[in-house]
Amino acid sequence: MEKLNGNKKLAVSVFISGRGTNLKSLIEFSKKKKSPIKIVLIISNNKSAKGINYAKKNKIKFLIINYKNKKKAENKILINLKKNKIKLVCLAGFMKILSKKIINIYKNRILNIHPSLLPKYKGLNTHQRVIKNKEKFTGCTVHLVNSKLDSGKIILQKKIKVFKKDNEYSLAKRVLEVENLIYPRAIKKFIGTNP
Ligand code: GAR
């Protein structure tokens, strides 16, 4: 496997579907002098994703991928990842499931952030389920992507207390703030432990 922590900044592509606060946090991280990454390409499956504005503002190349035909969409993604010499893919609120083909080509090179304490609460509506089950703690997790949903190796995880007065919205907000903090840290850790 190719080295991750060479002298040059690692070429990263961030995939989004919506709001893009995690993308924003990764862009800020990438702009730091000592950052190990450079965000070269932003991919969105949703042409109305608010996060695209962060790409525009920061003059980062972005690509809207129409997912009507998943096979075609993924081929286009692969072509563009190759063209831009992408070494690491960061899913940041990307709501499409990648096929085995992409996951195998970028084996151990795709990270995702998930708003729960994995392996608990894989999939969607995590906060709603956490509240319903009266959990005392929730959290967020950055993990490697493998072919099973939200199941790859955990890189970094943070536990967050659920308050009695919390509802799914207040919880989502608090978890998101922590997500935005840990994604850059997880990338740093991942690169540092994968020489
Ligand atoms: C984040 O909470 C992220 O963990 C979640 O979507 C949100 C995206 O927010 N991702 C998933 O649920 C993936 N299964 P953002 O667009 O502001 O980064």
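Read-outs: derived from the displayed coordinates by stated rules, not from any lab. All figures in this text were calculated on a predicted structure; none of them were measured in a lab. Glycine gets a Cβ as well: all are built from the backbone with ideal geometry, and neighbour counts include every protein chain shown.
Highest mean packing comes first when the peptides 135-148, 112-125 are listed by Cβ atoms within 10 Å, giving 135-148, 112-125. For the pairs LYS8/LYS83; LYS24/LYS158; LYS24/LYS96; LYS31/LYS72, flag any whose C-alpha to C-alpha distance is greater than 26 Å. Violating the 26 Å limit, Cα to Cα: LYS31/LYS72. For the chain, the longest principal axis of the C-alpha atoms and the axis of helix 21-31 are separated by about 50°.
Enter the Cα centre distance for the pair segment 1-56 and segment 57-124, rounded to the nearest angstrom. Here the answer is 12 Å between Cα centres.
Extending 7 Å from Cα along the Cβ direction at LYS33 and again at LYS71 yields two label points whose distance is 5.1 nm.
Working note: Cα atoms of segment 93-195, range along each principal axis, descending, whole Å: 44, 27, 18.
Rounded to the nearest 20, the size of the Cβ-charge dipole of the chain about its Cα centre is 440 debye, with Lys and Arg at +1 and Asp and Glu at -1. Phi angles of segment 52-57 translate, via the Karplus equation with coefficients 6.51, -1.76, 1.60 and θ = phi - 60°, into HN-Hα couplings of 4, 4, 5, 5, 4, 4 Hz per residue; Gly and Pro are given as x.
Helix 70-83 and the longest principal axis of the Cα set of the chain meet at an angle near 60°.
Here the sum of -39500 (n - 2.57) over DSSP H runs of 4 or more residues, divided by the residues of the chain, equals -11000 deg cm²/dmol at 222 nm, to the nearest 500.
Any idea what the relative contact order of the chain is, in percent, if you count C-alpha pairs under 8 Å spaced at least 6 apart?
Normalised by residue count, the contact order of the chain is 21 percent.
Between GLN128 and LYS59, the contour length at 0.36 nm per residue exceeds the alpha carbon distance by 21.2 nm.
Annotation: the residues ARG109, ARG185, sorted from fewest to most other C-beta atoms within 10 Å of their own C-beta, follow the order ARG185, ARG109.
Full extension of the chain segment joining GLN157 with LYS83 gains 23.4 nm, where the gain is 0.36 nm per residue of separation less the Cα-Cα distance. The long axis of helix 168-192 is offset from the longest Cα principal axis of the chain by roughly 40 degrees. Working from label points 7 Å from Cα in the Cα-to-Cβ sense, the ILE105 to LYS164 distance is 5.4 nm. Diagonalising the gyration tensor over the Cα atoms of the chain and scaling each eigenvalue by 5 before taking the square root yields semi-axes of 26, 19, 17 Å, largest first.
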